[in-house]
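Report on the following structure.
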Amino acid sequence: MNEPTTCPTQRQCPRIGGCLLIVLFCLAAWALVTAIAMRAPLKMMLEWELLAVFMRAGTHGWYRTVIVMVGADVMIGAFIVAGMGWFALLAWRRSARLPVQVQAWLGAILVMRAGAYLASDYLTHAIGIDIAIPFDGLLQAIIAAALGIPYFRVSRRVRRTFVNR
């Protein structure tokens, strides 16, 4: 069973469909939900009064810890949204780089979420105040990486759809 390695025209390439379409829609929905959820923390990070308190020498450690945790969450959310925009462009062009870059993106999100969770746990223990650390972002990253990386690695439809031209 010989699979074509090149796709001379757009019409000869297989369409994006089936499970691949569902996976791409799920990734887009994840990015959309992340963008919507980022509104409140981003607004908090951009308040000048709060940032002025953060810089003040007498500020309590718990406040700085919360700002650092929220800032890490905003940066990871921006990485998710920007990455999905890049993948939309690659999917539109049916670039052969898409599967590898999605796998690296999902792995990077997992590493960043795990690092942020562990750093937040350390910071809350260091200041001696119990701050509830949300686990949902790390859980989403674990599920996305556990389902997405193997799919983009072994799927026959992905290999046929995103080929070198």
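Helix 136-154 against the longest principal axis of the chain: what's the angle in degrees, Cα atoms only, rounded to the nearest 10?
Value to nearest ten degrees: 20.
Report the local net charge at V66: Lys and Arg +1, Asp and Glu -1, summed over other residues whose C-beta lies under 14 Å from its C-beta.
Local net charge: -3.
What do you get for the angle between helix 98-127 and the principal long axis of the chain? Use alpha-carbon atoms, 0 to 90 degrees, nearest ten.
10 degrees
Here are labelled values, (i) 2.35; (ii) 1.03; (iii) 1.31, and one is the computed Cα Rg over 2.2 N^0.38 Å for what I pasted. Which one?
Correct label is (iii).
By how many degrees, between 0 and 90 and to the nearest 10, does the Cα long axis of helix 18-37 differ from the longest principal axis of the chain?
On a 0 to 90 degree scale, this one is about 20.
Where a number appears in this text, it was derived from the coordinates with a stated rule and is not lab data. None of the values given here were measured: they were computed from a predicted structure. We place every Cβ from the backbone using ideal geometry, glycine too, and count neighbours over all the protein chains shown.
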